[in-house]
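What follows is one structure encoded as structure tokens, with my remarks underneath.
The values are calculated or read from the model by the stated rules, or taken from the named source; none is laboratory data. Every value quoted in this text rests on a predicted model; they were computed, and no experiment measured them. Positions of Cβ are generated from backbone atoms using ideal geometry, with glycine treated the same way; all protein chains shown enter the neighbour counts.
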Amino acid sequence: MAEFLIGLSEEDATFLARIALAFVVCLGAIIGSFLNVCIYRIPLEQSVSRPRSHCFSCGKTIRWYHNIPVLAWFFLRGKCAYCKAPVSFRYPAIEAITAMLFLMVFQMWGNPAIFGLNPLSIPELIPIYWLFVASTVVNIMIDIDHRILLDRISLGGTVLALAAAAAFPAMHGELSWWHGLCDAMGGAAVGFGIGFAIAFLGERIFLQDAFGFGDVKWMMLFGALFGWNGLLWILLMASFLGLIMGVGALIYNRIKHLSEEGAVAIPFGPALGVAALIWLFWSRRLLDGFAWLREQALLHETAMLYGLIPVLLVMMVWLSIRIVAIRRYNRALAEAEAAEGEVELTPVADETQDQEAPHA
Ligand SMILES: [Zn+2]
């Protein structure tokens, strides 16, 4: 990166950086627009390239200038240009979030190099992490909509992460390809192992499939990408996030008297995905914070060794809360059916399924 800038004045470098940032934001928004298509079509096993985007209401093909990411939604005031049917705010939101994530990746691993400020930047990793944030957005949204985590992301991503670790061992803070690959393989094994153990224990102890196999495979990818240490942190954060979401769902169900469909069992995928994104961007700060606590003797060295215990404890509490919510809902469903036979409730799918979708 530095050689590229030899001969550039400071103003030129700043100008170049601004163009690069604008380009990255546009790229992220365009990719986000494509992710919207993936989120909608992949679970329905439709092609993501054909036909072109069309209005769900009137079926008209959307013109390119009505499909400009983020902006078009505001120009059209959230309505179809032809039939004025409302278009969900979710579309521009996902485009904007993807643009922001692309920019964050670029800033973290690339752009400061243009200014020569960040000695830690590794521009080669930018495409890898772009791919990761995009796939994470897709998986989170599809899990919310359909309780599915895509195999092509979990398994394909793990293969890519192993290859990337060998090609760019700096990803894992290593110098040789062999060490990078070992770290990634170890992380993948730990991710799969812990995920499998939780799924197995959940089934044995609670007699319910509370933790889907889709989650297990996604954890394998996180392990390959961030190492076993990062994976444990992600699991810890995801457990807290899942706990908050689970309590939120309980309160929501209480308020709604369990009579509304959905919203009862929240899948674990979104919590995992958000935790992984937090780790991607703020792992160094989190670890620095803990190192500081240790220096202040506020945290004993061995406390780190027992990191796994709180992870499992929180996970168990979260699982039990979630299962209570599901059982209560199912009981209410059975009672309603027995009493009336006319109340229509949709049974809760309490499992994140794996998907064996054909290639699009
Ligand atoms: Zn329309």
Q) Residue check: is Leu258 modelled with pLDDT of 90 or more, in contact with a helix residue (DSSP H, G or I) (Cβ under 6 Å, 6 or more places away or on another chain) and either of a type outside the set (Asp, Glu) or not in a helix (DSSP H, G or I) (or both)? A) no
Q) Just one of Val48, Val70, Val87 is within 26 Å of Thr136 (Cβ to Cβ), within 15 Å of the ligand (Cβ to nearest atom) and not charged (D, E, K, R); which is it? A) Val87
Q) Quick check: is even one residue across region 33-51 in contact with a strand residue (DSSP E or B) (Cβ under 7 Å, 6 or more places away or on another chain) and at pLDDT 85 or above? A) yes
Q | Hits in region 7-37 - residues which are closer than 14 Å to Trp130 by Cβ and in contact with an Asp or Glu (Cβ under 7 Å, 6 or more places away or on another chain) | A | Ala29, Gly32
